[in-house]
Amino acid sequence: MIDMTRYSPFSRLSRDDKPIAIAATFILVILSAGTCYTMLRFGSAPLLTPAYLIQQLQIGSFLGIIAAGMMLVILISQIDLSVPWTLAAGAMTATAVGGQWALPAALGVGLFVGLLNGFGVAYLRIPSMIFTLGVNAVMRGLMVAQTGGFAPQTAATDLMRYIAAERTFGIPHAIFVWLAISIGMVVLLRKTTFGRSIYAIGNKEAAAYLSGVATRRVTILAFVMCSVAASLSGVLLAGYATKAYQGMGDAYVLPAIAAVVIGGTNILGGRGRYLGTVIGVILIVLLNSVLSIMEMPEAGRQIIYGLVIISMLLVYGRGEKVAS
Amino acid sequence: MIHPADNAFLSLAGISKRYGGVHALNNVNFQCERGKVHAVLGENGAGKSTLIKIISGVVRPDQGTMVLDGQTVNFLSPSAANAAGIVCIFQELSLMPDLTVSDNISIASPPRKFGLIDSKAQRLRAEELLASIGCEDVNPLMRVRDLPLSRRQMVEIAKALGKNPKILILDEATSALTSTDVEKVYAMLARLKAEGVAILYISHRMHEIEALADNASVFRNGRHIETFAKGARNNEEIVQLMIGREISAHFPPKPAFKRPKPLLEIENLSWENRLDQISLSVGRGEIVGLGGLDGQGQKELLLSLFGVLKRVEGTVKLDGAKQELTSPRVAKRAGGGIALVPEDRKTEGLMLPMSIAENLVLASLDELSTGSLVDEAKVSTAVADAIQRLKIKIGSPDDAVSTLSGGNQQKVVIAKWLMTKPDVILLNDPTRGIDVGTKQEIYRLLRELADEGAAILFYSTDYDELIGSCDRVAIMYDGRIISELEGDAINEKNIVSAALNISGNESKGGAHVGH
Amino acid sequence: MSATKSSDFGLRLRQNMGFAIAVVLFSVVYFLYHLAHPKGFSSQVLVQNSNEVFSLAMLAMAQTVPVLMGGLDLSVGAVMTLVDCLASHVLEGAGWSIFGGIALCLAAGAAAGFVNGCVVVFGRIQPIIATLATGAIYMGLALFLRPIPGGKINEDINWAMTNALGDFAETVGIFDDGKAPWFQFFAGVPTSLVFLVLVAGIIWVPFRRSVTGRTVYAIGSAEGAAFMSGLNIHRGKLAAFTLAGIFAGIGGIFMAIQTSSGNADIPMAGAYTLSSIASVVIGGTSLLGGTGGAIGSIFGTLILKVISFNFRIFDIAPLLQPLFEGLVLLGAVSLGALSILRVKNQLELFR
């Protein structure tokens, strides 16, 4: 084993930490590039103000919650493409039910979708890619049939507004929700038998099964958590936007997957740290924001977005070859 | 050596190959001639497989030269060897299950018309090749996936014939065949022999060797022991050559044989057509070996006891209580607990990229947790204990388990299960591919565990191991236990002859292992 | 001999059950549709349906090839959109410039697919995530070409391609401007349907029968065995993605011709990609690779589309359409999952 990465500043990091360090560095690069731009153009550095950063975190919290759930599913080497309409269904249910039952009803929708996904994948052993795609279509159908294809007229409840948009000590509550979920994720992945089982299944399902891990139960639970996270994010988004609308989740599934992967989680499962997913979310949100400050047209944004994903994976992969 | 290299078609000189610390082949000289069937004999792990892998370009030797038809050759890939006329029929099939039989047979160089595959010509070719080995019953349009194992093996043979071999290597190619098929393969080999093809034939079945071989070479522990012409040695002598006189490992002393009260009782266990009315019991403090040729149902027996197989008939009792073993999770908790050290540590035993500690605790997580929270203090104590007890050589418990040597990896698998403090320990060939030192540690450990009251059922492909470490040995053949040996009756001769089913049942020919 | 012939037919039928079910299902439902349609069994209805199907059918064929190889291409919708936007720039002229434009569009599709293949093969990135990223890049290029929907397509080619063969002949000026008596029998056949059959017959069928095509199937079935058998794995993978790009490109060209414009719509591209996966699965191709084919995927698309046709006819609220599409998809894959009930060694579930 020849250590060819000796001269790289990241060489002494462990395999799971390296992507996180690279992604974090890249965040700094984005911030500095954006600041250079604003300094030259406007003579100010709005990117480095707390207000701006907090606002980015608030926007990031919606994506972050989805990405947390998606990470669980990716860790067991599955994927959940039903997120968009689980999110929208959660939001629409919350606004339609209203009152104190808004939040429980929305989470109930997530629970139901998760159980369905988990059943299809764990018991029928249908590839999650296609099963969740079907569930997404069904959810979309149900929502469209329910609302008549228009944005629902109902509005977010006060509680939803409170959680999603209002602030305490200048910090939006959505960030607290994300923080709480993040702490929960870290505990879950590092400290619980469930977390250990997740990594084991993602690495080698057969070996996990032969070690007496309840592979089906863990798979179902992972899908349930993913769907509940998506519906919760839907509730928050509806609270933030004061209403639910058709297709509100469509723009979130691919960035969520990208955030998880940029954070160093293996798309084939079994490896990755939660901190990486947080970094990945922040990276994507900041990248979007800085590009829009630069008035980068959508075309350029898409291209940069794609190039960032590919080049980061190529960089992570290069270390891999040396390690093996 | 009786045969000088004058008329050798293929000749190997000074070939060595090491895997980690193990010498798979050690300075081997070997020749074979055109128009002869050359049998290669040896126990499991004697180096036969490595020999043919080197000849057929799958692995490259560390040292030595290979001369084919007067030219020094050095194959970089199986296709390079194919191009030189060396074709091997491997035990692990090289067929693509979703493609049809005729697609598979002509996969590398199909007949073409206008640059496209001529499926009619390809089908005719497949029919011809299949007919030449008497396999007209296989429709070339069938998908390989839909064929029983014995037919797949015949397709594999037809595929090899299609490459017009100058040297044809058959590695246990008849192990999955029915006796009628075996006859057809014999006829095909006779034809090829007459055409001047050199044939290397590897088999555990003595009567096949007698019927076919012109010459035979015996390998043992990676060395070429002797080559002799047909009839120069009798069966007994050959078995003796294969076993050798040296004892390759030291075993802890066995206690005086006595039959303890049974802990694990198996009655009339049957599954598909792989397990046939198996009854066996293992008592506390007893190590019972499972022997026999590879693939006679030993693995299935262990898997069925661990809840992996569905719809198993018969009963399994622990301490007299009937068990419904529906999954490993259930088996793990049944009675005083069952543990299985699986066949393939890399895919079934370990999560290679994960750390040693994570692997160690996986089976006993429930015991090491309060509620569903893992108790880190308990975990690190347990991990340290396990590492110490099995003397696993590691840098840090947080290193990936893939960084360990094979022997230490296997120790991690065993340690993982010992942490659950099981009453019944099932082991599926736990010492395969492991250095001698670790083997001895494992034997000692098994004896210790038995002395502490565990019941151990131990499948091994290594006869020495069964003899040295087991209180009793059950030999399996064709899904049945055909012989149970105790005390002094556990010796090479009895095990080998029972495994080859030499006494009686000879008429059955090949064991039937179809799905 | 006839006995073997018929048993061979039975065998092939059993091997392609998913495909056969898709064909029968489509035929029955489509027949009912025409029965119920006030203008049923007319050329006009046929032309309209065929035009609606063409682009998604191409995309489904595109998706089939990487799936057969055991991969997935999440960029097919983006490649189609990119070519659509390119076509809206280069198919304005007349005469030979049209042919040049079409060649350019096809080359662009092929290049996009080839890049996907390179990222997968040489970058060693999983197909799903690699094409997710390249898909974004292609969308960016499409947006660069058409920041807002617009552009123009030669009107003749629009007319010729989106109507019946009779109109095509008249526009192009063959068969006495389509008035030749023998031609009348064919005059009502939709041009886009003819092109769909041509693409399948000229590109897919030969590919399937080439060594490279079979390598794609072999990789999806057992990559290790394919390597041991001396097949060129890299070439197979590159070819699979490149062919996917070509099919997606053809879909994009038609889309531009049909709409007479280019439109870089990100949600639409994503929806097309997902529909292509659904078509592939409904058409009987296994997501694990190795079995199925592009013709099946065309029928998968037809089934998805015929559902929406019937919604229009039977006056069912079109709002229920996505629901039915989803249920059809879930039903199709769940049926395919019944075989796991036969598995008796649970370790086999994990392979």
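The values are calculated or read from the model by the stated rules, or taken from the named source; none is laboratory data. All values reported here derive from a predicted model rather than from experimental measurement. Reconstructed Cβ throughout: ideal geometry from the backbone, glycine too, with neighbour counts over all protein chains shown.
When A:V308, A:V261 are screened for being facing chain C (nearest Cβ under 9 Å) and within 19 Å of A:L72 (Cβ to Cβ), only A:V261 passes.
Filtering the range C:321-343 to residues that are modelled with pLDDT of 75 or more and either among the acidic types (D, E) or surrounded by fewer than 15 Cβ atoms within 10 Å (Cβ to Cβ) (or both) leaves C:E325, C:G331, C:S334, C:L335, C:V343. Comparison of B:G297, B:G289 shows that the only residue that is touching a strand residue (DSSP E or B) at 6+ places or on another chain (Cβ under 6 Å), at negative phi and not charged (D, E, K, R) is B:G289. For the range C:3-49, what are the residues that are free of Cβ contacts under 8 Å to residues at least 60 places away in the same chain, assigned to a helix (DSSP H, G or I), under 21 Å from C:F309 (Cα atoms) and out of contact with any Lys or Arg (no Cβ under 6 Å at 6 or more places or on another chain)? Hits for the range C:3-49 are C:V24, C:S27, C:V28, C:F31, C:H34, C:L35, C:Q44, C:Q48.
Here is a list: B:V413, B:V496. Which entry is under 29 Å from B:W271 (Cα atoms), in a helix (DSSP H, G or I) and modelled with pLDDT of 90 or more? Write out each step before concluding.
Details: B:V496 fails: modelled with pLDDT of 90 or more.
Every option except B:V413 fails the conditions.
For the range C:268-276, check the following and say yes or no: at least one residue is assigned to a helix (DSSP H, G or I), within 22 Å of C:Y33 (Cα to Cα), within 12 Å of another protein chain (Cβ to nearest Cβ) and hydrophobic (A, V, I, L, M, F, W, C).
Just the residues of the range C:268-276 that are assigned to a helix (DSSP H, G or I), to begin with: C:268-276.
Now restrict to residues that are within 22 Å of C:Y33 (Cα to Cα): C:275.
If we keep only those that are within 12 Å of another protein chain (Cβ to nearest Cβ) as well, we get C:275.
Filter again for hydrophobic (A, V, I, L, M, F, W, C), leaving none.
No, because not a single residue in the range C:268-276 is assigned to a helix (DSSP H, G or I), within 22 Å of C:Y33 (Cα to Cα), within 12 Å of another protein chain (Cβ to nearest Cβ) and hydrophobic (A, V, I, L, M, F, W, C).
The criterion of at least 1 residues that are at pLDDT below 90 and polar (S, T, N, Q) is met, among strands (runs of 3 or more DSSP E) falling completely within the range B:11-98, by B:22-32, B:63-68, B:71-73.
Taken over the range C:295-320, the criterion of being among the hydrophobic types (A, V, I, L, M, F, W, C) and either over 20 Å from the mean Cα position of the chain (by Cα) or loosely packed, with under 14 Cβ neighbours inside 10 Å (or both) is satisfied by C:F311, C:I313, C:F314, C:I316, C:A317, C:L319, C:L320.
Kindly provide the set of residues from the range A:236-258 that are within 12 Å of chain C (Cβ to nearest Cβ) and more than 22 Å from A:L142 (Cα to Cα), ordered by number. Scanning the range A:236-258 gives A:L254, A:P255, A:A256, A:I257, A:A258. Can you find a residue that is within 12 Å of chain C (Cβ to nearest Cβ), surrounded by 19 or more Cβ atoms within 10 Å (Cβ to Cβ), part of a helix (DSSP H, G or I) and not small (G, A, S) anywhere in the range A:265-285? Looking for residues that are within 12 Å of chain C (Cβ to nearest Cβ), surrounded by 19 or more Cβ atoms within 10 Å (Cβ to Cβ), part of a helix (DSSP H, G or I) and not small (G, A, S), one finds at least one in the range A:265-285, hence yes.
To keep it simple, each residue is scored yes or no on (1) in contact with a helix residue (DSSP H, G or I) (Cβ under 8 Å, 6 or more places away or on another chain); (2) in a loop (DSSP other than H, G, I, E, B).
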| position | (1), (2) |
| --- | --- |
| B:A377 | no, no |
| B:S380 | yes, no |
| B:D385 | no, no |
| B:I394 | yes, yes |
| B:Q409 | yes, no |
| B:W417 | yes, no |
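Considering (1) in contact (Cβ under 8 Å) with a residue 60 or more places away in the chain; (2) not in a loop (DSSP other than H, G, I, E, B), the lone condition that B:P430 does not fulfil carries the number (2).
Any idea which of A:G141, A:G202 is in a helix (DSSP H, G or I) and within 9 Å of chain C (Cβ to nearest Cβ)?
Details: A:G202 fails: within 9 Å of chain C (Cβ to nearest Cβ).
Among A:G141, A:G202, only A:G141 is in a helix (DSSP H, G or I) and within 9 Å of chain C (Cβ to nearest Cβ).
Considering only residues that are outside any helix (DSSP H, G or I) and closer than 19 Å to C:N263 by Cβ, look in the range C:90-149 and name the one that is nearest to the other protein chains (Cβ to nearest Cβ). Ranking the qualifying residues of the range C:90-149, first place goes to C:P147. Annotation note: Cβ proximity below 7 Å between a residue of the range C:97-114 that is more than 19 Å from C:L141 (Cβ to Cβ) and a residue that is of a type in the set (S, T, Y) and crowded, with 17+ Cβ neighbours inside 10 Å (sequence gap 6+ or interchain) occurs for no pair.
On inspection, B:S109 passes the criterion of being surrounded by fewer than 22 Cβ atoms within 10 Å (Cβ to Cβ), facing chain C (nearest Cβ under 10 Å) and hydroxyl-bearing (S, T, Y). B:N234 fails exactly one of the following numbered conditions: (1) touching a strand residue (DSSP E or B) at 6+ places or on another chain (Cβ under 6 Å); (2) exposed (fewer than 15 other Cβ atoms within 10 Å of the Cβ); (3) of a type in the set (S, T, N, Q). What is the number of that condition? Of the numbered conditions (1) touching a strand residue (DSSP E or B) at 6+ places or on another chain (Cβ under 6 Å); (2) exposed (fewer than 15 other Cβ atoms within 10 Å of the Cβ); (3) of a type in the set (S, T, N, Q), the odd one out for B:N234 is (1). One residue stands out among those in the range B:72-89 that are in contact (Cβ under 8 Å) with a residue 40 or more places away in the chain and crowded, with 21+ Cβ neighbours inside 10 Å: the one that is nearest to the other protein chains (Cβ to nearest Cβ), which is B:N82. Considering the conditions (1) at negative phi; (2) out of contact with any His (no Cβ under 8 Å at 6 or more places or on another chain), B:G453 is excluded by exactly one of them, (1).
Could you tell me whether C:F114 is out of contact with any helix residue (DSSP H, G or I) (no Cβ under 8 Å at 6 or more places or on another chain) and more than 19 Å from C:M268 (Cα to Cα)? Answer is no for this residue.
Limited to the range B:105-134, what total is found for residues that are in a loop (DSSP other than H, G, I, E, B) and closer than 18 Å to B:N164 by Cα?
Count: 8.
If we keep just the residues of the range C:170-227 that are more than 14 Å from chain B (Cβ to nearest Cβ) and closer than 17 Å to C:V65 by Cα, which is surrounded by the fewest Cβ atoms within 10 Å (Cβ to Cβ)? Only one residue fits best here, namely C:A200.
Close Cβ contacts (under 8 Å, 6 or more residues apart or on different chains) running from residues in the range B:47-71 that are among the polar types (S, T, N, Q) to residues that are in a helix (DSSP H, G or I) comprise B:S56/B:P78; B:S56/B:A81. Exactly one condition in (1) modelled with pLDDT of 90 or more; (2) within 23 Å of B:S56 (Cβ to Cβ); (3) within 12 Å of chain C (Cβ to nearest Cβ) is not met by B:E127; state its number. That leaves (2) as the condition not met.
Go through the range B:270-302 and count every residue that is assigned to a strand (DSSP E or B) and away from chain C (no Cβ under 14 Å).
Of all residues in the range B:270-302, those assigned to a strand (DSSP E or B) come to B:270-271, B:275-283, B:287-291.
Of the ones still in play, those that are also away from chain C (no Cβ under 14 Å) are B:276-283, B:287-291.
Final tally of qualifying residues: 13.
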